Amino acid sequence: MQIIYLDHTDSTNEYIKRFLQKGENVIVCAKMQTGGKGTKGRSFLSEGGGVYLSALVFHKNLSAREAFRIMAHAAVAVCRTAEKFGAAPEIKWANDVLISNKKLAGILIENAVSNGFLHHSIMGIGMNVLNDVSSLGGIAVSLAEAAQKNCTAQEVRDALIRNFLTPSSFEEYLGYAKFLGNEVQVTEGEEVYAATAKEILPDGRLKVQTASGERVLSSAEVRVRLR
């Protein structure tokens, strides 16, 4: 797989789209982003000292029903990398990697579907390493802070690429989803309610138990309720 290293770009997810016509898998890394993207159209702080990369992968005969596995694999790659440097990461459904309930990394997936099959995926990963996240009000953490260990963005980037290129399983993803069994606060549109997180289904939906019965969530904001 071709790997491209940039000093800076607006967004690695946008930059990598210039390779779509070539039909080849590629990874693009940048030291900084000026227009990093998060989920739900949010911006992603992308200052120097972090790891920002996107991977373009073309698929063969992969059903669109398997799309969740693409995101799950990216999350596992981040968790493996954090563990290598001595941290204890967890996955919060569906695409946040946390340490001590603070966000270590964000993952943004763009899938292209044709006739019920995935044609290609663009997987964007932003990971805090040495960058200053203090302006985010305590909701984020850097790997260096969490692991209490000296590490460089380059070392973490190279480890993340190796872990991304190593296959993973859905069971490995579930092993990092330690919020399961705990009380959570669910936000679905204007509705906010308490529930217990029960199970992540193979298609990526989350099963929760509420006071009024069981629900299966396709998309929602889930926050672990601290005791």
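The values are calculated or read from the model by the stated rules, or taken from the named source; none is laboratory data. The shown structure was predicted, so the numbers you read here are calculated from the model rather than taken from an experiment. Here Cβ is always computed from backbone atoms with ideal geometry, including for glycine, and neighbour counts include all displayed protein chains.
If we keep just the residues of segment 6-20 that are free of Cβ contacts under 8 Å to residues at least 40 places away in the same chain and out of contact with any Ser or Thr (no Cβ under 7 Å at 6 or more places or on another chain), which is nearest to Met123 (Cα to Cα)? Here the residue is Glu14.
Can we say Ala30 is aliphatic (A, V, I, L, M) and within 21 Å of Ile200 (Cα to Cα)? Here the answer is no, as Ala30 does not meet what is asked. Screening Gly138 against (1) part of a loop (DSSP other than H, G, I, E, B); (2) crowded, with 18+ Cβ neighbours inside 10 Å leaves a single unmet condition, (2). Tell me yes or no: at least one residue of segment 158-179 is polar (S, T, N, Q), more than 29 Å from Ser218 (Cβ to Cβ) and part of a helix (DSSP H, G or I). No; the residues of segment 158-179 include none that is polar (S, T, N, Q), more than 29 Å from Ser218 (Cβ to Cβ) and part of a helix (DSSP H, G or I). Checking every residue in segment 114-121 against the condition of being within 24 Å of Ile70 (Cα to Cα), exposed (fewer than 13 other Cβ atoms within 10 Å of the Cβ) and touching a residue at least 40 places away in the same chain (Cβ under 8 Å) gives at least one match.
For segment 189-199, indicate whether the set of residues that are within 30 Å of Ile27 (Cβ to Cβ) and not assigned by TED's automatic domain parsing to the domain that holds Trp93 is non-empty.
Step one: list which residues in segment 189-199 are within 30 Å of Ile27 (Cβ to Cβ), which gives none.
Scanning segment 189-199, I find no residue that is within 30 Å of Ile27 (Cβ to Cβ) and not assigned by TED's automatic domain parsing to the domain that holds Trp93, so the answer is no.
The one condition from (1) in a loop (DSSP other than H, G, I, E, B); (2) in contact with an Asp or Glu (Cβ under 7 Å, 6 or more places away or on another chain); (3) over 27 Å from Tyr52 (Cβ atoms) that Pro202 does not meet is (2).
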